[in-house]
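Please read the structure below before turning to the comments.
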Amino acid sequence: MEDVELAKLEDLPQSYVQDLTAHNLVPLWPSLRGVLPPTKPRPLTQATAWAYQDIRPLLIQAGELTPIEKAERRVLVLANPGHGLQKMQASAAIYLGMQLLLPGELAPPHRHTPNAVRMIVEGEGAYTTVQGEKCPMSRGDLILTPTGLWHEHGHDGDQPVIWLDVLDLPMVYYMETSYHVNGTQQELTPGHGEAQYSRAGVIPTPFFNRSDKAYPILRFAWTDVKAALINLANDAAQVECVQVTYINALNGHDAENILGYYALMLRPGQTLRMPARSPACVFHVIEGQGMELKFEDKVFVLKDADTACVPGYGAVTLKNLSAEQACFVFMTDESPLHRKLGVYENWG
Ligand code: 1HN
């Protein structure tokens, strides 16, 4: 049945509206269709792409313009115009930024309530220390800094290092739960995550369910993740969507609480349709000759290190532009949040 048209604010006597305002009251009906639109949401998030070749020179320039001491984190935010650039949102729950660290620089230790991950884009020699564990950064590596964990970045190499930051900041900020605490340089304690949880089928008995570590793996090396994708593609020719999920190896849950992280392999020449689901989603090309991303009437060509974001409730079609080489893609979405809130939907 069609929605009936509801009365507008202008249909009410001005004096009545003033009386309501004076008592901090508002009539629902003029705004009801806005907050509860018919049949599907009206996302502010617009399908948007950011080319690395556009970002990189501006980020390098930021390195000349603003010393690290005056920036703490030297980041250009990938802001979705649908939300307004000042909101610094890629989607309702996802923040994206490209961060530059120059040789010898230190981004000082802090911890905060939003969860973060870094997807390393370029350069060698930098590291993030997370809760005492020194995590070296190489292209394609994913490093977690979950809520509340201390982290700082350093750089012993001789070339700029750039990575993509993904945070659930918009969500945590909206909840009025966003804050940070500064710390002092962390004492290093060797991490064992990669060694102890390197085989998905077996995990170390002494730590299983008895670990005081909520996050057993902080660094996912790209070499391991890529090998897992290639194994999957070779073993399961019938599997259309060659994708792996970054999980918490101790409990099988998503690696972090609010956003989901995935790596996808498009076979040479493959076209992959991803169903319309409620969460917004981000795509970042790690390796390959590029891919085409279609969302409704928009088509983007994403090359190495390019990033795109699409709203929920619409299907996405990805096409590997190379007939010879696989294309590897990092993805982030809002599924863990939607599932926890009970609003997750897959419309096919
Ligand atoms: C943050 O702590 C980092 O630690 C990067 O590198 C980006 C964006 C908003 C709030 C905190 C970092 C951030 C951030």
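The values are calculated or read from the model by the stated rules, or taken from the named source; none is laboratory data. Small disclaimer: the values here were computed from a predicted structure and weren't measured. Here Cβ is always computed from backbone atoms with ideal geometry, including for glycine, and neighbour counts include all displayed protein chains.
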| message | Given the condition surrounded by fewer than 18 Cβ atoms within 10 Å (Cβ to Cβ), on the phi > 0 side of the Ramachandran plot, within 15 Å of the ligand (Cβ to nearest atom) and of a type outside the set (D, E, K, R), answer yes or no: does some residue in the stretch 148-165 qualify? | response | yes
Residue check for VAL75: of a type in the set (A, V, I, L, M), over 14 Å from LEU167 (Cα atoms) and in contact (Cβ under 8 Å) with a residue 60 or more places away in the chain: no
With criteria (1) of a type in the set (A, V, I, L, M); (2) within 16 Å of the ligand (Cβ to nearest atom); (3) closer than 28 Å to ALA92 by Cα, ALA214 comes up short on (2)
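For the stretch 100-128, enumerate the residues that are over 18 Å from ASP158 (Cβ atoms) and within 11 Å of the ligand (Cβ to nearest atom). Please lay out each step first, then the result.
Residues of the stretch 100-128 over 18 Å from ASP158 (Cβ atoms): 108-119, 128.
Of everything in the stretch 100-128, those that are over 18 Å from ASP158 (Cβ atoms) and within 11 Å of the ligand (Cβ to nearest atom) turn out to be PRO108, PRO109, HIS110, ARG111, HIS112, THR113, PRO114, ASN115, ALA116, VAL117, ARG118, THR128.
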From the option list ALA79, ALA93, ALA51, ALA62, single residue qualifying as closer than 30 Å to ASP158 by Cβ and within 16 Å of the ligand (Cβ to nearest atom) is ALA62
Matching residues in the stretch 81-119 (of a type outside the set (S, T, N, Q) and under 30 Å from LEU341 (Cα atoms)) number 23
Note on ASP3: of the conditions (1) modelled with pLDDT of 95 or more; (2) more than 30 Å from LEU78 (Cα to Cα), unmet is (1)
Condition set surrounded by 12 or more Cβ atoms within 10 Å (Cβ to Cβ) and of a type in the set (D, E, K, R), scope the stretch 55-74, selection farthest from THR307 (Cα to Cα): answer is GLU72
inquiry  = LEU85 - would you say it is hydrophobic (A, V, I, L, M, F, W, C), without any contact (Cβ under 8 Å) to a residue 24 or more places away in the chain and more than 14 Å from the ligand (Cβ to nearest atom)?
reply    = yes
The stretch 268-348: strands (runs of 3 or more DSSP E) wholly inside it with 1 or more residues that are of a type in the set (Gly, Ala, Ser) and under 29 Å from ILE162 (Cα atoms) are 307-310
Sole miss for MET175 among (1) without any contact (Cβ under 8 Å) to a residue 12 or more places away in the chain; (2) within 14 Å of the ligand (Cβ to nearest atom) is condition (2)
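Being of a type in the set (Val, Ile, Thr) and under 27 Å from the mean Cα position of the chain (by Cα) narrows it down to one of VAL77, VAL17, so name that one. Explain how you work it out, then say what you get.
On the way: VAL17 fails: under 27 Å from the mean Cα position of the chain (by Cα).
Exactly one of VAL77, VAL17 is of a type in the set (Val, Ile, Thr) and under 27 Å from the mean Cα position of the chain (by Cα), namely VAL77.
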- Task: Tell me, yes or no, whether the stretch 111-130 has at least one residue that is surrounded by fewer than 16 Cβ atoms within 10 Å (Cβ to Cβ) and either under 23 Å from the mean Cα position of the chain (by Cα) or more than 28 Å from PRO190 (Cα to Cα) (or both).
- Result: yes
Does ALA51 meet the test of being of a type in the set (A, V, I, L, M), over 26 Å from GLY193 (Cα atoms), surrounded by fewer than 21 Cβ atoms within 10 Å (Cβ to Cβ) and in contact with a helix residue (DSSP H, G or I) (Cβ under 7 Å, 6 or more places away or on another chain)? no
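State all residues of the stretch 296-317 that are surrounded by 22 or more Cβ atoms within 10 Å (Cβ to Cβ) and in contact with a Pro (Cβ under 8 Å, 6 or more places away or on another chain); if no residue qualifies, say none.
First, pick out the residues of the stretch 296-317 that are surrounded by 22 or more Cβ atoms within 10 Å (Cβ to Cβ): 302, 305, 307-312.
If the condition is that a residue be surrounded by 22 or more Cβ atoms within 10 Å (Cβ to Cβ) and in contact with a Pro (Cβ under 8 Å, 6 or more places away or on another chain), then PRO311, GLY312 are the ones that fit.
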When ASP235 is run through (1) of a type in the set (D, E, K, R); (2) surrounded by 13 or more Cβ atoms within 10 Å (Cβ to Cβ); (3) without any contact (Cβ under 8 Å) to a residue 24 or more places away in the chain, the failure sits at (2)
Within the stretch 249-271, restricting to residues that are surrounded by 14 or more Cβ atoms within 10 Å (Cβ to Cβ) and at pLDDT below 95, the one that is nearest to MET291 (Cα to Cα) is ALA249
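Of the residues LEU272, LEU266, only one is in contact with an Asp or Glu (Cβ under 9 Å, 6 or more places away or on another chain) and over 26 Å from ASP168 (Cα atoms); which?
Details: LEU266 fails: in contact with an Asp or Glu (Cβ under 9 Å, 6 or more places away or on another chain).
Answer to the check: LEU272.
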Taking the stretch 32-52 and the residues there that are touching a residue at least 12 places away in the same chain (Cβ under 8 Å) and over 20 Å from the mean Cα position of the chain (by Cα), the one that is nearest to PRO108 (Cα to Cα) would be PRO41
